[in-house]
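J.: So that we are looking at the same thing, I have put the structure below in structure tokens.
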Amino acid sequence: MKDCVVFYGASVTSRSKTQAREIIDRAIHICELLRNYGYQCHADVVLDDKLHSRSAASITNIPEKFLKLSTEEQVNKLYPFRSSDPNELHKELACYYWGLDSLRNARFCLWDLTYPSTGAGFELATALTLGKKCFCFSENTRISSTVCGYPLNSLMISNYGDGFEQQLLEFIKASDRHFNINPGEQPDSL
């Protein structure tokens, strides 16, 4: 039985070392929980403890297929409107394509929104536009009212604390019912 892929996002960059460690510890715990239920958590970038002080695009090992999607023509077209130098913009485009591919291939998506992040908000909006079921949480901080006010039931919001695991498992069951499959069973197509 093939594992079901889950997109896991959080903002580790531009965080203090302590904040980054908290994010990583939560990700490790949640990914282990998901593995126990047959899910494969894509959280490699979130689990990189060196990202807290550097740009993700400059140090992430971006897969070659996404670097190839980021063409010189695209970089030249976007360069006048961006603050990044062309080499960084090339990597940023590749990261965008990589993230989009990860979102498209995910059964459902999770975000740790304990610390505000434009990137996480963009990913969340993209996932919801793609029709993905999304689960957002924070630990003792308020999530943006724009996110909390999302009017469709494809988004669940929780606090990372008492009852969190149960809420996550209920979300997973509801997500699996949406696809008419058993947990851990890969759907034919999303």
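J.: Can you pull out the residues in segment 6-32 that are of a type outside the set (Val, Ile, Thr), assigned to a helix (DSSP H, G or I) and either closer than 20 Å to LEU100 by Cα or in contact (Cβ under 8 Å) with a residue 40 or more places away in the chain (or both)? Steps first, answer last, please.
T.: Taking segment 6-32 and keeping what is of a type outside the set (Val, Ile, Thr), we get 7-11, 14-17, 19-22, 25-27, 29, 31-32.
Next cut, assigned to a helix (DSSP H, G or I) only: 17, 19-22, 25-27, 29, 31-32.
Across segment 6-32, the qualifying residues are GLN19, GLU22, ARG26, ALA27.
J.: Something else about it: Do the conditions hold for PHE171, that is, is it in the same structural domain as ILE30 (by TED's automatic domain parsing), part of a helix (DSSP H, G or I) and buried (at least 16 other Cβ atoms within 10 Å of the Cβ)?
T.: Values: in the same structural domain as ILE30 (by TED's automatic domain parsing): yes; part of a helix (DSSP H, G or I): yes; buried (at least 16 other Cβ atoms within 10 Å of the Cβ): yes.
Judged against the criteria, PHE171 is a match.
J.: Pick from segment 102-128 the residues that are within 10 Å of the chain's Cα centre (by Cα) and aliphatic (A, V, I, L, M): which of them is farthest from VAL5 (Cα to Cα)?
T.: ALA120
J.: Please find, within segment 147-166, the residue that is nearest to the chain's Cα centre (by Cα) out of those that are farther than 21 Å from ALA27 by Cα and touching a residue at least 24 places away in the same chain (Cβ under 8 Å).
T.: Keep residues of segment 147-166 that are farther than 21 Å from ALA27 by Cα, which gives 148-154.
Narrowing further to those that are touching a residue at least 24 places away in the same chain (Cβ under 8 Å): 152, 154.
Details: LEU152: 19, SER154: 15 Å.
Only one residue fits best here, namely SER154.
J.: Follow-up. Return the pairs, sorted by first residue and then second, in which the second residue is part of a helix (DSSP H, G or I), the first residue lies in segment 71-98 and is polar (S, T, N, Q), the beta carbons are less than 8 Å apart, and the residues are 6+ apart or on different chains.
T.: Correct list of pairs: GLN74/LEU93; ASN76/PRO86; SER84/GLU92.
J.: When you scan segment 110-118, do you find a residue that is surrounded by fewer than 17 Cβ atoms within 10 Å (Cβ to Cβ) and in the same structural domain as ALA10 (by TED's automatic domain parsing), even just one? Working first, answer last.
T.: Here is the first cut: in segment 110-118, the ones surrounded by fewer than 17 Cβ atoms within 10 Å (Cβ to Cβ) are 116, 118.
Imposing the further condition that a residue be in the same structural domain as ALA10 (by TED's automatic domain parsing) reduces the set to 116, 118.
Yes; the residues of segment 110-118 include at least one that is surrounded by fewer than 17 Cβ atoms within 10 Å (Cβ to Cβ) and in the same structural domain as ALA10 (by TED's automatic domain parsing).
J.: Within segment 126-140, is there a residue that is touching a strand residue (DSSP E or B) at 6+ places or on another chain (Cβ under 9 Å) and loosely packed, with under 14 Cβ neighbours inside 10 Å?
T.: The answer is yes; a qualifying residue exists.
J.: Which numbered condition in (1) touching a residue at least 40 places away in the same chain (Cβ under 8 Å); (2) under 16 Å from PHE7 (Cα atoms) is the only one that GLY131 fails?
T.: Exception for GLY131: condition (1).
J.: Just to verify a result, which residue in segment 25-58, among those that are modelled with pLDDT of 90 or more and of a type in the set (Val, Ile, Thr), is nearest to SER84 (Cα to Cα)?
T.: So the residue we want is ILE28.
The values are calculated or read from the model by the stated rules, or taken from the named source; none is laboratory data. Please read all numbers here as calculations on a predicted model, not as lab measurements. For neighbour counting, all protein chains shown are included, and Cβ atoms are generated from backbone atoms with ideal geometry for every residue, glycine included.
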